[in-house]
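K.L.:
Just passing along the structure, written as structure tokens.
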Amino acid sequence: THQQSLHFSPSFTSCSVLLCVLPHYRCFPAALQGTPLSATLSLVMSQCCRKIKDTVQKLASDHKDIHSSVSRVGKAIDRNFDSEICGVVSDAVWDSREKQQQILQMAIVEHLYQQGMLSVAEELCQESTLNVDLDFKQPFLELNRILEALHEQDLGPALEWAISHRQRLLELNSSLEFKLHRLHFIRLLASGPEKQLEALSYARHFQPFARLHQREIQVMMGSLVYLRLGLEKSPYCHLLDNSHWAEICETFTRDACSLLGLSVESPLSVSFASGCVALPVLMNIKAVIEQRQCTGVWSHKDELPIEIELGMKCWYHSVFACPILRQQTSDSNPPIKLICGHVISRDALNKLINGGKLKCPYCPMEQNPADGKRIIF
């Protein structure tokens, strides 16, 4: 009965019964095995049967839990790994398949260069016959060379680069050069008292940064008092923390990319992360569009039919929505500032013109539509 209701194989159930009964059966003398059971033996056998029943019920319950979990995993895989995922993107997005392939290959190559995988990027360029200009590769080659030196705690290339770009870094309010000099000064302090005079001499490099980094310079100068006792046992032991090297690598990458006009993260990795967030929503809206047969809703290649929240991490520019038409502005429909100071979209401005005059929907101040000025955020 248990075999039929719990779907256990006969061999599995037989083995379970034998394992439970056999230890008790071996305790019986051979002469008693063919005789009727006594009250004591009947009690023992009933206890064994009860244990068998409890064991089988427990196994059945565990089996149901496992089967339920496995079935949920399978449904989740079927729901999230749709074989028709390519149907989410409209064919009108790309001008041609060759253009699509070229853009994808270029994104992969740029990602490999930015990650320092130079040999892999070169191999991909050769196999895909993709022509990459040397001017495009040069910034990545220089950045990776300096970052490799920083990972090996060599400050020379980074300092040379920062000094040569000092003016442009100051325009970005960057503290990269100061942090590099500070890290070199700390290395001299970590070498012991024999480097004290050299450290004092090197402290002259802090003079151009005294106004903006006065507190940090005072802390480093105060650490000289404990140099003979050892900085690791002083209140300035935090200066020897290895986290300063990781920080300088992040600072250099961020400031160098800003100066060279590059993104800190590769466009491919950002696009992939954004796609993982947006894909489930796009698949749902695609299913709704197909079900209701309203394919015309998703006809624009530069605009989605719904808004998808990607989080603050993926915000790279200001977004303005027209308060009149409730539409996000674009290059073809930019925001326009009226004389009264209110801002609306160009499409809204054209729709509000009446008799060659425009009345602001907020003031309402009457004005000439030609006096509106485009705003670039």
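K.L.:
Tally the residues that are over 14 Å from Pro193 (Cα atoms) and either among the aliphatic types (A, V, I, L, M) or open to solvent by 70 Å² or more (accessible area, probe 1.4 Å) (or both), restricting the search to the range 225-241.
P.N.:
6
K.L.:
Filtering the range 80-120 down to residues that are part of a helix (DSSP H, G or I), open to solvent by 90 Å² or more (accessible area, probe 1.4 Å) and among the acidic types (Asp, Glu), which residue is modelled with the lowest pLDDT?
P.N.:
Asp91
K.L.:
Does the range 157-167 contain at least one residue that is open to solvent by less than 20 Å² (accessible area, probe 1.4 Å), touching a Ser or Thr at 6+ places or on another chain (Cβ under 9 Å) and not polar (S, T, N, Q)?
P.N.:
Within the range 157-167, one or more residues are open to solvent by less than 20 Å² (accessible area, probe 1.4 Å), touching a Ser or Thr at 6+ places or on another chain (Cβ under 9 Å) and not polar (S, T, N, Q).
K.L.:
Now a separate question. Report every pair of residues separated by at least 6 positions or lying on different chains whose Cβ atoms are under 8 Å apart, first residue within the range 307-330 and polar (S, T, N, Q), second assigned to a loop (DSSP other than H, G, I, E, B) and surrounded by 13 or more Cβ atoms within 10 Å (Cβ to Cβ).
P.N.:
Filtered contacts from the range 307-330: Gln327/Asn333; Gln328/Phe320; Gln328/Cys322; Thr329/Phe320; Thr329/Cys322.
K.L.:
Please work out if Leu282 is open to solvent by less than 30 Å² (accessible area, probe 1.4 Å), at pLDDT below 85 and more than 16 Å from Phe185 (Cα to Cα). First the steps, then the outcome.
P.N.:
On the way: open to solvent by less than 30 Å² (accessible area, probe 1.4 Å): yes; at pLDDT below 85: yes; more than 16 Å from Phe185 (Cα to Cα): yes.
Considered against the rule, which asks whether it is open to solvent by less than 30 Å² (accessible area, probe 1.4 Å), at pLDDT below 85 and more than 16 Å from Phe185 (Cα to Cα), Leu282 comes out as yes.
K.L.:
Another question, then. Can you find even one residue in the range 190-208 that is open to solvent by 80 Å² or more (accessible area, probe 1.4 Å) and assigned to a loop (DSSP other than H, G, I, E, B)?
P.N.:
Scanning the range 190-208, I find no residue that is open to solvent by 80 Å² or more (accessible area, probe 1.4 Å) and assigned to a loop (DSSP other than H, G, I, E, B), so the answer is no.
K.L.:
Among (1) at pLDDT 85 or above; (2) of a type outside the set (Lys, Arg); (3) more than 30 Å from Leu260 (Cβ to Cβ); (4) loosely packed, with under 13 Cβ neighbours inside 10 Å, there is one condition Cys48 misses while meeting the rest; what is its number?
P.N.:
Cys48 satisfies all of (1) at pLDDT 85 or above; (2) of a type outside the set (Lys, Arg); (3) more than 30 Å from Leu260 (Cβ to Cβ); (4) loosely packed, with under 13 Cβ neighbours inside 10 Å except (4).
K.L.:
Within the group Glu123, Glu148, which residue is part of a helix (DSSP H, G or I), farther than 15 Å from Thr251 by Cα and open to solvent by 50 Å² or more (accessible area, probe 1.4 Å)? Break it down stepwise before answering.
P.N.:
Details: Glu148 fails: farther than 15 Å from Thr251 by Cα.
From the options Glu123, Glu148, the qualifying one is Glu123.
This table checks each residue for (1) acidic (Asp, Glu); (2) open to solvent by 70 Å² or more (accessible area, probe 1.4 Å); (3) at pLDDT 85 or above.
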residue: Gly261; (1), (2), (3): no, no, no
residue: Val270; (1), (2), (3): no, no, yes
residue: Ala273; (1), (2), (3): no, no, yes
residue: Val288; (1), (2), (3): no, no, no
residue: Gln291; (1), (2), (3): no, yes, no
residue: Lys313; (1), (2), (3): no, yes, no
residue: His317; (1), (2), (3): no, yes, no
residue: Ala321; (1), (2), (3): no, no, yes
residue: Val343; (1), (2), (3): no, no, yes
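K.L.:
How many residues does the range 254-263 contain that are assigned to a helix (DSSP H, G or I) and under 17 Å from the mean Cα position of the chain (by Cα)? Before the answer, list the steps.
P.N.:
Keep residues of the range 254-263 that are assigned to a helix (DSSP H, G or I), which gives 254-260.
Okay, now just the ones that are also under 17 Å from the mean Cα position of the chain (by Cα), so 254.
Residues flagged as assigned to a helix (DSSP H, G or I) and under 17 Å from the mean Cα position of the chain (by Cα) within the range 254-263 amount to 1.
The values are calculated or read from the model by the stated rules, or taken from the named source; none is laboratory data. Only a predicted model underlies this, so the values are computations on that prediction, with no experimental measurement involved. Positions of Cβ are generated from backbone atoms using ideal geometry, with glycine treated the same way; all protein chains shown enter the neighbour counts. Please note that ligands, DNA and RNA were not included when accessible areas were found on the heavy atoms of the full protein model with its side chains. Shrake-Rupley method; radii C 1.70, N 1.55, O 1.52, S 1.80 Å.
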